[in-house]
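All remarks here apply to the structure that follows.
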Amino acid sequence: MSNERNGRIFVAGASGAIGRPLCRLLVADGWSVVGTTRSAEKASLLRDLGVEPAIVDVFDEAALRDAVGRAAPAIVIHQLTDLPPALDPAKMPEALVRNARIREIGTRNLVAATAAAGAQRMIAESIAFAYAPGPMPYREDAPLNVDHPDFGSTARAVASLEQQVLAAPFEGIVLRYGRLYGPGTGFDRPPRGGPLHVDDAADAARRAIMGGKPGIYNVAEDDGTVSSSKAADALGWKPGFRLSAPKG
């Protein structure tokens, strides 16, 4: 894959389940990567990946703007989530509230910092399982389930994230990821309803750096739930990509 070998990329959420394999791919491709974590303990993990760590909270608007500005990236990748291991049902109600806040307020702060830094493009993580009931497979123009009595708050936060990224003064690409499995997710087998391996998710973000027009793309394995034909056509993405085990 061609790229600007001296380019810089800022990955928000670099220590997450998708962030880690994504950073491995970006470093291998020759990018200079700055990656965020809220935890000083995870900074060494990022350094081991060849990533320059930035310890910052997305809700600290001033610190985030400073971190992105110092990185001076051409591309910003939004991989921020806050979910419990294996989506622990006992912890999910609070996690859903935290994730909605990240998608709304955290995205607002990251979009502002990205614009201030003069970055050219943002690639943002969304979800492919927020569609309202309707004909399947769901395509990107299908409505989101914003009126659901329980799930509606999540769908509305997803809509907010997507609208903010697409309306920003840079090129915005939204990747609607399927239901994740693989290392770091707590799930070894593909779940039902549009599964997606974390390595395939990372590969989609990597492809969106240099390819694809601004817009929304479904990214999931084909089990009849969602259509990823747009990502296949525009990004050359298809499921089945796997990273080799890290050395050491």
Of the numbered conditions (1) touching a Cys at 6+ places or on another chain (Cβ under 9 Å); (2) among the hydrophobic types (A, V, I, L, M, F, W, C); (3) not in a loop (DSSP other than H, G, I, E, B), A14 fails exactly one; give the number of that condition.
(3)
Restricting the stretch 158-180 to residues that are surrounded by fewer than 19 Cβ atoms within 10 Å (Cβ to Cβ) and over 14 Å from S126 (Cβ atoms), which is farthest from the chain's Cα centre (by Cα)?
P169
All positions within the stretch 18-48 that are part of a loop (DSSP other than H, G, I, E, B), surrounded by fewer than 24 Cβ atoms within 10 Å (Cβ to Cβ) and either touching a residue at least 60 places away in the same chain (Cβ under 8 Å) or among the aromatic types (F, W, Y) (or both)
D29
Name the residue that is modelled with the lowest pLDDT, counting only residues in the stretch 171-210 that are of a type outside the set (G, A, S) and touching a Lys or Arg at 6+ places or on another chain (Cβ under 6 Å).
P191
In contact (Cβ under 8 Å) with a residue 40 or more places away in the chain and over 30 Å from G118 (Cα atoms), is that true of P195?
no
Residues in the stretch 77-114 that are in a helix (DSSP H, G or I), surrounded by fewer than 15 Cβ atoms within 10 Å (Cβ to Cβ) and of a type in the set (A, V, I, L, M, F, W, C): how many?
3
Residues that are within 22 Å of R103 (Cα to Cα): find the helices (runs of 4 or more DSSP H) completely inside the stretch 147-248 holding 3 or more of those.
152-167, 198-210
Scanning the stretch 56-76 residue by residue, the ones that are surrounded by fewer than 15 Cβ atoms within 10 Å (Cβ to Cβ) and either at pLDDT below 90 or assigned to a loop (DSSP other than H, G, I, E, B) (or both) total 4
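The values are calculated or read from the model by the stated rules, or taken from the named source; none is laboratory data. Model, not experiment: these values are computed from the prediction. Counting neighbours? That spans all protein chains shown, and the Cβs are built from the backbone with ideal geometry, glycine included.
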